[in-house]
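Shown next, in structure tokens, is the structure this report addresses.
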Amino acid sequence: MPGSTMGTVDADGTGLKAYRAILAIPGVGALTAVSFLARLPASAAAITLTLHVVLTLDQGYAAAGVVGAAATVGMAIGAPLLGRLVDRRGLRTMLTLTLSAQAVFWTVAPLLPYPALLVGALAGGVLGVPVYSITRQSLAVLVPADRRRPAFALDSMSVEISYIVGPAVGALLALQVSSTAAMWTVGAGWLVAGGALMLLNPPTRIEEAAGEAAPPPPVRQWLDLRLIGALLATTAAVLVVFGTELSMIAGLQLGGNAGWIPLVNTVWCVASLIGGFVYGAARRSRSLPLLVGCLGAAALPVALAGSWWSYALLLVPVGLLIAPSMAASAETVSALTPEHVRGLVTGFHGSAITIGAAVATPLAGLLVDVASPAVAVLTVGSAGLGAAILVGLLARLAPVTPSADSQAI
């Protein structure tokens, strides 16, 4: 297996040629299409639940936030467990379990009173379909290690597009039809997308490794400082992104510019798409701590924003670094993961993302309430920058084994 890819020239060229080469790998194109389909209900779920609690149950946004937090905690708990199930029993067994759970939850959720919905959201999160983890785990198997950067960049761009489409459709259905119709549509979307994923059944382990009879390596052998650092960097990157987003929304609302939020958010998403494309098409990779540190530093000037156009302008550098940071995160974690525990570690990666989102929103919200949006974005940006420095130090302290198939972080 090849070693570090840092500083090497992409063997398949740059620009569109790099993406064409990735999509030409058998199975990658189909996986990209099906995973995008599966991400639509995933991205629409949060806004749909929120609007149902607020509009139908008349419980207010605080109560809706508690439901969202319950689902988030459930996902953080469930991702490693479901990843381990994939390692032991295969992808289809895990999908059968999670799709059954999602079918039950989204069918009965519109009929539940608030306390029961809260419990159901937690259980539904634990048994949620881990589409992000499945996609990244399969890409790590289908794509050779020295070509994963454009593959994960393409995946990150797919996430951005899904978060433009999914929440818009969910909100439109909830506001124009009913929250019940929106929730049932999300459930139907899970069944269609999950069924397609089950039929595709992408590989989750390299065949040679899957056939080995050797026992899994001990935890201390693979859960080292480099992997811990990569997971910490992932959480920090998500913390910066979600914290900056909430600060932007709060700043525009408090400034009487709430009507400009969709436009500013679109500019931010487009910047992330451009950044992801450039990163995947470039000749050289960049280390994860460097990208996360730059992401945190880029968020700091957003504290100076006031008018809608200043937010749009100052968020562009942040957006340009979002998809590259997430792509580097997935690439680094996949390179540090032994085949026997790929599902488990990919689940940990999903939990790291979930934890970052779960911490960012209440933290930024609290800081907005007690101080200002500027203080909130300065805090999350500084946290990202500090975490990147810590991860860089952990990488220097970690012993590097000659046989490690990893990208230096």
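The values are calculated or read from the model by the stated rules, or taken from the named source; none is laboratory data. Remember, it's a predicted structure, so these values are computed and weren't measured experimentally. FYI the Cβ positions are ideal-geometry reconstructions off the backbone, even for glycines, and counts take in every protein chain you see. The accessibility values were calculated without ligands, DNA or RNA, using every heavy atom of the protein model including side chains. Shrake-Rupley method; radii C 1.70, N 1.55, O 1.52, S 1.80 Å.
Observations, loosely collected:
- Calculated [222 nm] ellipticity per residue, helices only, for the chain: -26000 deg cm²/dmol; basis is -39500 (n - 2.57) per DSSP H run with n ≥ 4, divided by all residues, nearest 500.
- Heavy-atom surface of the chain, accessible at 1.4 Å and reported per residue (Å²): 42
- Between LEU111 and ARG283, the modelled labels are 6.3 nm apart [label points 7 Å from Cα along Cα→Cβ].
- What the phi angles of segment 239-244 give under the Karplus curve with 6.51, -1.76 and 1.60, with θ = phi - 60°, is a coupling list of 4, 4, 5, 5, x, 5 Hz, glycine and proline written as x.
- Rg over Rh [alpha-carbon atoms, Kirkwood Rh] for the chain: 0.95
- Relative contact order computed over segment 56-168 (Cα-Cα under 8 Å; 6+ residues apart), in percent: 34
- Per-residue HN-Hα couplings for segment 93-98 [Karplus 6.51, -1.76, 1.60; θ = phi - 60°; Hz; x = Gly/Pro]: 4, 5, 5, 4, 5, 6
- Which of ALA123, THR56, THR98, positive extreme of dipole for segment 33-162 (C-beta unit charges): THR98
- The chain: relative contact order in percent, alpha carbon pairs under 8 Å with at least 6 residues between: 28
- Amide H contacts of GLY306 (H built 1.01 Å from N, under 5 Å, at least 5 apart or other chain): TYR311
- Rounded percent of accessible protein surface that carbon and sulfur make up, the chain, 1.4 Å probe: 71
- Charge-dipole axis of the chain as Lys and Arg at +1 and Asp and Glu at -1 on Cβ define it, positive-most pick from ALA46, ALA312, SER285: SER285
- Taking amide hydrogens as placed 1.01 Å from N in the peptide plane, the amide H of SER178 sits under 5 Å from that of no residue at least 5 positions away in sequence or on another chain.
- Taking packing as the residue-averaged number of other Cβ atoms within 10 angstrom, the listed peptides 379-390, 162-173 run from highest to lowest as 379-390, 162-173.
- Relative to the Cα centre, the charge distribution of the chain, modelled as +1 at Lys and Arg Cβ and -1 at Asp and Glu Cβ, gives a dipole magnitude of about 440 debye.
- Options ILE274, LEU300, ALA188, ranked by Cα towards positive dipole end of the chain, top entry (Cβ charges): ILE274
- Residue-span extension gain [ASP369 to SER382] - 0.36 nm each, minus C-alpha spacing: 2.8 nm
- Positive contributions from Lys and Arg (+1) and negative ones from Asp and Glu (-1), summed over other residues with Cβ under 11 Å from the Cβ of VAL345, come out at +1.
- Each residue of segment 37-47 was assigned a 3J(HN,Hα) from its phi angle through the Karplus expression (A = 6.51, B = -1.76, C = 1.60, θ = phi - 60°), giving 4, 5, 6, 5, x, 4, 6, 8, 4, 5, 5 Hz with x at Gly and Pro.
- A simple spin-label model places the labels of LEU81 and ASP58 3.6 nm from each other, with each point 7 Å out along Cα-to-Cβ.
- Placing dummy labels 7 Å off each Cα toward the beta-carbon, the span from ALA196 to VAL165 is 0.8 nm.
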